[in-house]
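The values are calculated or read from the model by the stated rules, or taken from the named source; none is laboratory data. Predicted, not measured: the structure shown is a model, and the values here were computed from it. As a convention, Cβ positions derive from the backbone with ideal geometry for all residues, glycine included, and neighbour counts pool all protein chains shown. All accessible areas refer to the heavy atoms of the entire protein, side chains included, with ligands and DNA or RNA removed. Shrake-Rupley method; radii C 1.70, N 1.55, O 1.52, S 1.80 Å.
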Amino acid sequence: MKKAFFAAAVYTLAGLGLGFYHREFTKAHEFTGPTQLTATHTHVLALGTLFFLIVIALDKQFAFSGTRLFSGFFWTYNLGLVLTVAMMVVHGSLTVLGHAAGPAISGVAGLGHIVLTVGFALFFGCLYGPVIHAPETEHATGSTRSPVASGDQR
């Protein structure tokens, strides 16, 4: 769980920094058109900060962070996100500077997306067992709910 917390904190700083970079870099070059720099701020905050805060909440409920699969997910997902965002920054910066982004940048960005997708698949693999095998309890109403949803404490 500590790894997810520190990842969320680092992505928060990176997302805020990228928002600052976008604003100042485009202003310094008097650039007003569309650029991928616009999306880096929100991508990092959503796919980094918010996602890892959700991971922390789910790990608190299902305790999957100690598994080998979690470690694979964690490093794969982070590699994919860093590659994807790095290429967005490079592509966006080149756009602001008036240069075309070559096929290598698109290729690495595509690789980043593929690695990120594998990371998501590993995350769902981490969740599968704990969610499928989560105990259910029957209440007076006859409905079945998980202990957490009913307010039971473990």
Ignoring ligands, DNA and RNA, what accessible area per residue does the chain give at 1.4 Å, in Å²?
59
For the chain, with only Lys/Arg (+1) and Asp/Glu (-1) charged at the beta-carbon, what is the dipole magnitude about the Cα centre, in debye rounded to 20?
240
Post the alpha-carbon centroid distance, region 64-88 to region 3-32, in whole angstrom.
20
Read through the labelled values (1) 1.13; (2) 1.01; (3) 0.93 and report the label of the one computed as Rg/Rh (Cα atoms, Kirkwood Rh) from the structure.
(1)
Go through PHE62, PHE51 and list them by solvent-accessible area, largest first, probe radius 1.4 Å.
PHE62, PHE51
For the chain, the longest principal axis of the Cα atoms and the Cα long axis of helix 103-132 enclose an angle in degrees, to the nearest 10, of 10
Ignoring ligands, DNA and RNA, please state the percent of accessible area on the chain from carbon and sulfur, probe 1.4 Å.
70
Which angle from 0 to 90°, rounded to the nearest 10, does the C-alpha axis of helix 51-62 make with the longest principal axis of the chain?
10
